[in-house]
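Below is one structure; the comments refer to it alone.
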Amino acid sequence: MGWNSWNSFANIVNSQIVQEQAKDLASNGMKEAGYEYVVIDEGWWLGERDASGNIVVNPKQWPAIQPGQKDGDMANIAAYIHSLGLKAGIYTDAGRDGCSMYPDSGPKLLNTGSEGHYEQDFLQFSKWGFDYVKVDWCGGDKERRSGAVQYAQIARAIQHAEKITGRKLYFSICEWGSQNPWFWGPGVGGIESAIWRTGGDIIPPIVESLHDPEHDKRVITAENVLRSFDAGLHPEAQHTGYYNDLDMMVMGMRGMTDSLDRVHMGLWAISSAPLMVGSDLTRLSPATLSLLTNREALAIHNDAFGLQPIKIDEPTPGVQIWVKPMAVAGRRAIAILNRTGASTEVKLPWNKMGLKGTPKSLRDVWNGQNVETANGTVSVSAHDLALMIVDGDDESPLEYSAAGDSITGIKAMRRPTFARLQYTNNSGHVVVVPVRSTSGLFTALALPPTSRSEIGTIGLILPRGTADLSFERQPVAIRTLDVYGW
């Protein structure tokens, strides 16, 4: 959760812009709601290196902020962000050239990627004080590289830097979904947590201050938002620290309406997608800010299982019911997405959510009010989204016990299905466990440590079809898998 410079400032990003946005993030209620990263995207360097291969930064673009600092030192802006109680993020490319060879504004720049300097650059980012790094794919794509190979090398460079500095660098893979990163992103290079983009940019940047014909004609539409959501649904790959990235949030930007803001926030929240806001924070309306900081929507987003939703019904074309399993037994988040131009009433099918009978409670997240569950009917306006939380009783699951490093005999499923995995991990650290299934699933689970008397639980979505799982031998014990066949 945080802010990224690209969608509103593109290549013109500089120290002053970042300071203004960070100050707003720290004071407008977003920090208190959990937004913590301030990420400097493309445009922060010119592709020049010194004789030792170190990145050279434009001193005018990134001057000293406090007495005693040197112009052109990126540690300055990282320290300023930290002084606000926030975390700092930076950007590079997996190839030799970066996306500045295709500039949205300003001159064409080459050599803005990190290939050939992975260990050097990521150590430099860590020494500067950055906590997060986004790695784009323009150079890798140009060179026809393998994303799985390049990003594994980068993951190892990040871990090398972390060992030297003791500072964690959160890994954001921006490969655009071109090589199916949901198959290799979880656990790539042995990394314990990561996000990966599942599609192209949600929109081209809208830089209001440029006032040129190209930026002035750009308007966000519902198609932009829904296309990113549709491209981002790979629920079998997402769990325990590994997340599909639907791209930055553009709430409040040109073309967005109150209803489209609700659709955007609701879909990203129920997907546990990264909430990286690309809007100019100084221009957000109170209504947009209220949605971004809605505590119940953020509770859905931050649920401990971190799963994506499953579409359980489409009662009429374009009216969809998406349900997200949550860590609290019997709790589900529900998004009713109305893609059509007419208002609709939807009766919620409790049996398709794996719940017994009528639930105990149903809550409307947008207005913070409880809704009568006996009727279970919800009205949704045209091109809008209702976001609900329901609490009830789970139907009894099918329980499968592990035999060595595998769980077999899992009943074939007609659609992706929710399951809870129990395990013990007495290693004292997170263990990344590669997982393979007979249905073609290859992913990884990051299993946090447990005490000797504790059984850990994570949630995951099993793929459609036969899903017998095999776990590569690790210092953990897989115990049981409870499958909820809805």
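May I ask you to say which residue of Asp364, Asp405, Asp394 is surrounded by fewer than 16 Cβ atoms within 10 Å (Cβ to Cβ) and within 30 Å of Phe442 (Cα to Cα)?
Working: Asp364 fails: within 30 Å of Phe442 (Cα to Cα); Asp394 fails: surrounded by fewer than 16 Cβ atoms within 10 Å (Cβ to Cβ).
Of Asp364, Asp405, Asp394, the one residue that is surrounded by fewer than 16 Cβ atoms within 10 Å (Cβ to Cβ) and within 30 Å of Phe442 (Cα to Cα) is Asp405.
Any residue in segment 435-446 that is over 9 Å from Phe183 (Cβ atoms) sitting within a Cβ distance under 7 Å of a residue that is acidic (Asp, Glu)? List the pairs, counting only those 6 or more apart or interchain.
Filtered contacts from segment 435-446: Ser437/Asp468; Thr438/Asp468; Ala446/Glu192.
Do any helices (runs of 4 or more DSSP H) lying entirely in segment 122-212 carry at least 3 residues that are over 30 Å from Gly255 (Cβ atoms) and touching a residue at least 40 places away in the same chain (Cβ under 8 Å), and which ones are they?
Details: elements: 138-142, 147-165, 181-184.
Output list reads 138-142, 147-165.
Condition first: assigned to a loop (DSSP other than H, G, I, E, B) and touching a Lys or Arg at 6+ places or on another chain (Cβ under 8 Å). Can you find one or more residues in segment 64-71 that meet it? So that I can check it myself, show each step before the final result.
Within segment 64-71, the first condition is being assigned to a loop (DSSP other than H, G, I, E, B), and the residues that meet it are 64-71.
Next, from what is left, pick out any that are touching a Lys or Arg at 6+ places or on another chain (Cβ under 8 Å): 64, 71.
Checking segment 64-71: at least one residue is assigned to a loop (DSSP other than H, G, I, E, B) and touching a Lys or Arg at 6+ places or on another chain (Cβ under 8 Å).
What about Ile410, is it assigned to a loop (DSSP other than H, G, I, E, B) and crowded, with 17+ Cβ neighbours inside 10 Å?
Numbers: assigned to a loop (DSSP other than H, G, I, E, B): yes; crowded, with 17+ Cβ neighbours inside 10 Å: yes.
In short, yes.
Report yes if Glu236 is in a helix (DSSP H, G or I), surrounded by 17 or more Cβ atoms within 10 Å (Cβ to Cβ) and in contact (Cβ under 8 Å) with a residue 12 or more places away in the chain, otherwise no. Break it down stepwise before answering.
Details: in a helix (DSSP H, G or I): yes; surrounded by 17 or more Cβ atoms within 10 Å (Cβ to Cβ): yes; in contact (Cβ under 8 Å) with a residue 12 or more places away in the chain: yes.
Here the answer is yes, as Glu236 does meet what is asked.
Can you tell me which residue within segment 242-275, out of those that are among the β-branched types (Val, Ile, Thr) and in a loop (DSSP other than H, G, I, E, B), is surrounded by the most Cβ atoms within 10 Å (Cβ to Cβ)? Spell out the reasoning first.
The first filter runs over segment 242-275 and keeps only residues among the β-branched types (Val, Ile, Thr), leaving 250, 257, 263, 270.
Still in the running and in a loop (DSSP other than H, G, I, E, B): 250, 257.
On the way: Val250: 26, Thr257: 12.
It comes out as Val250.
Name every residue in segment 374-422 that is hydroxyl-bearing (Ser, Thr, Tyr), within 30 Å of Ser470 (Cβ to Cβ) and over 25 Å from the mean Cα position of the chain (by Cα), in order of residue number.
In the first step, residues of segment 374-422 are kept if they are hydroxyl-bearing (Ser, Thr, Tyr); the result is 377, 379, 381, 396, 400-401, 406, 408, 417.
Going one step further and asking which of them are within 30 Å of Ser470 (Cβ to Cβ), we end up with 396, 400-401, 406, 408, 417.
If the condition is that a residue be hydroxyl-bearing (Ser, Thr, Tyr), within 30 Å of Ser470 (Cβ to Cβ) and over 25 Å from the mean Cα position of the chain (by Cα), then Ser396, Tyr400, Ser401, Ser406, Thr408 are the ones that fit.
Say we look at segment 1-42 and pick out the residues that are surrounded by fewer than 24 Cβ atoms within 10 Å (Cβ to Cβ) and acidic (Asp, Glu); which of these is farthest from Asn244 (Cα to Cα)?
Step by step, filter segment 1-42, then rank; the result is Glu20.
Inspect segment 298-318 for any residue being closer than 11 Å to Val380 by Cβ and polar (S, T, N, Q) and give the result as yes or no.
No, segment 298-318 contains no residue that is closer than 11 Å to Val380 by Cβ and polar (S, T, N, Q).
Considering only segment 423-462, state which residues are assigned to a loop (DSSP other than H, G, I, E, B) and either assigned by TED's automatic domain parsing to the domain that holds Pro186 or within 21 Å of the chain's Cα centre (by Cα) (or both).
Val430, Leu441, Pro448
The values are calculated or read from the model by the stated rules, or taken from the named source; none is laboratory data. None of the values given here were measured: they were computed from a predicted structure. Methodologically, a virtual Cβ is constructed for each residue, glycine included, from the backbone with ideal geometry; neighbour enumeration extends over all protein chains shown.
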